[in-house]
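Below you'll find the structure, written out as structure tokens, and then a few comments.
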Amino acid sequence: MPPSAAAHILPDRLAPGLRLWFVGTAAGPKSAAVGAYYAHGGNRFWRTLHETGITPRLYAPEEFPLMLDLGVGLTDFCKTGWGVDADIAREAFDVAGFKRKVARLKPHGLAFTSKTAASLWLGKPTGKIETGMYPISEGPTVFVLPSPSGLATSYWSIAPWREAAAFLRG
């Protein structure tokens, strides 16, 4: 990561009691450059939110602050760097800080936008995690979503995203 990466950190868009947080691992290069979540044109995030009814219209990435009005939060595990997950040092993922945010703000659900992000929360290897609603005994409801990144096209399925949308509407 270039030394200027800290200047490109995406701000959390979180508030107490939100219905659902979308949680990534770290901003991608395009998102870091423009200061907006899921900003790469090949990323399916914003199109999927609209297609599943989470947003009433197709939002542009720079409209991410509007998500709070829908009861939806946005955050990443790595707030100090950006890039492809495999290129980010594991110690850059602030799992303890994320857990403190969850405890303080008490979201109803967490929707991890990759198995890597889910593995950080669940403490399990990515190979042991399936997509969809994840059974846990306490805390927020957890969804593991296929990554919307264009780099993960071969793993794409909208079905788990529809499940998270139904939870949000419920």
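Here are the numbers:
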{"read-out": "Only one of SER137, SER147 that is open to solvent by less than 40 Å² (accessible area, probe 1.4 Å) and not in a strand (DSSP E or B)", "value": "SER147"}
{"read-out": "Any hit, region 157-166, residues being open to solvent by less than 40 Å² (accessible area, probe 1.4 Å), within 16 Å of the chain's Cα centre (by Cα) and farther than 20 Å from THR75 by Cα", "value": "yes"}
{"read-out": "Condition broken by PHE45, with the remaining ones in (1) at positive phi; (2) open to solvent by less than 30 Å² (accessible area, probe 1.4 Å); (3) not β-branched (Val, Ile, Thr) satisfied", "value": "(1)"}
{"read-out": "Residue within region 87-109 that is part of a loop (DSSP other than H, G, I, E, B), without any contact (Cβ under 8 Å) to a residue 60 or more places away in the chain and of a type in the set (Phe, Trp, Tyr) present", "value": "no"}
{"read-out": "Those residues of region 66-75 which are part of a strand (DSSP E or B) and either open to solvent by 50 Å² or more (accessible area, probe 1.4 Å) or not β-branched (Val, Ile, Thr) (or both), in sequence order", "value": "GLY73, LEU74"}
{"read-out": "Top-ranked residue of region 102-134 - restricted to ones that are charged (D, E, K, R) and surrounded by fewer than 17 Cβ atoms within 10 Å (Cβ to Cβ), ranked as nearest to GLU163 (Cα to Cα)", "value": "GLU130"}
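For every residue, the table says whether it meets (1) among the aliphatic types (A, V, I, L, M); (2) within 21 Å of TRP156 (Cα to Cα).
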{"site": "LEU10", "(1), (2)": "yes, no"}
{"site": "LEU18", "(1), (2)": "yes, no"}
{"site": "TRP21", "(1), (2)": "no, yes"}
{"site": "ALA32", "(1), (2)": "yes, no"}
{"site": "THR52", "(1), (2)": "no, yes"}
{"site": "PRO56", "(1), (2)": "no, no"}
{"site": "LEU68", "(1), (2)": "yes, no"}
{"site": "ASP76", "(1), (2)": "no, yes"}
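Residues checked against (1) more than 17 Å from LEU168 (Cβ to Cβ); (2) touching a Phe, Trp or Tyr at 6+ places or on another chain (Cβ under 7 Å); (3) open to solvent by less than 10 Å² (accessible area, probe 1.4 Å); (4) not aromatic (Phe, Trp, Tyr):
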{"position": "PRO16", "(1), (2), (3), (4)": "no, no, no, yes"}
{"position": "VAL23", "(1), (2), (3), (4)": "no, yes, yes, yes"}
{"position": "ALA26", "(1), (2), (3), (4)": "yes, yes, no, yes"}
{"position": "GLY53", "(1), (2), (3), (4)": "no, no, no, yes"}
{"position": "PHE64", "(1), (2), (3), (4)": "no, yes, no, no"}
{"position": "PHE77", "(1), (2), (3), (4)": "yes, yes, yes, no"}
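The values are calculated or read from the model by the stated rules, or taken from the named source; none is laboratory data. None of these values were measured; they are calculated from a predicted model. Neighbour counts are summed over all protein chains in view; Cβ atoms, including those assigned to glycine, are modelled from backbone coordinates with ideal geometry. The accessibility values were calculated without ligands, DNA or RNA, using every heavy atom of the protein model including side chains. Shrake-Rupley method; radii C 1.70, N 1.55, O 1.52, S 1.80 Å.
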